[in-house]
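Peer 1: Handing you a structure now.
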Amino acid sequence: MNEQVKRNIGRFPERYAFRLTAEEHKSLRSQNATLKRGEHSKYPPYAFTEHGVLMLSNVLKSERAEKVSLLIVDTFVKLRELLLSHKDLLLEIEAIRKKVSGQDEKIELIFNYLKQFITEQQTPRKKIGFKQ
């Protein structure tokens, strides 16, 4: 894969593929608990964006590479759909927040009226009617 990328470097500008830094590579290896293979590799691996994966599928011609490329593209499509659904939720929450904002004063006013009503109920009222 690295050879194919090097041979077709024009298809992989910085926005499609880039090399990980040594620190990123080390962090990635420790997070995934990888095997010793590749521990002393000369060059850090490439990382591909969504569009880089599409370019990679054009460069790699094996059946396995094609299947993996399709799976990766499908994953990116699902991620985009997931992000859009979260965007809808975020917009809905924002609309609710706008409706609710400013309600604190109204709720406070209602509580003040309720307190006033309760205190009026507690004070004895003048009796009306005939006095004896």
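Peer 1: Against the conditions (1) surrounded by 11 or more Cβ atoms within 10 Å (Cβ to Cβ); (2) modelled with pLDDT of 85 or more, where does ARG15 fall short? Just the number, please.
Peer 2: All conditions are met except number (1).
Peer 1: Kindly provide the set of residues from segment 57-67 that are farther than 17 Å from TYR16 by Cα and of a type in the set (A, V, I, L, M, F, W, C), ordered by number.
Peer 2: ALA65
Peer 1: Let me ask another. Check every one of the helices (runs of 4 or more DSSP H) wholly within segment 21-118 and list those with 3 or more residues that are of a type in the set (Lys, Arg) and modelled with pLDDT of 75 or more.
Peer 2: 63-100
The values are calculated or read from the model by the stated rules, or taken from the named source; none is laboratory data. These numbers were taken from a predicted model, which means no experiment stands behind them. Backbone-built Cβ (ideal geometry, glycine too); neighbour counts: all protein chains shown.
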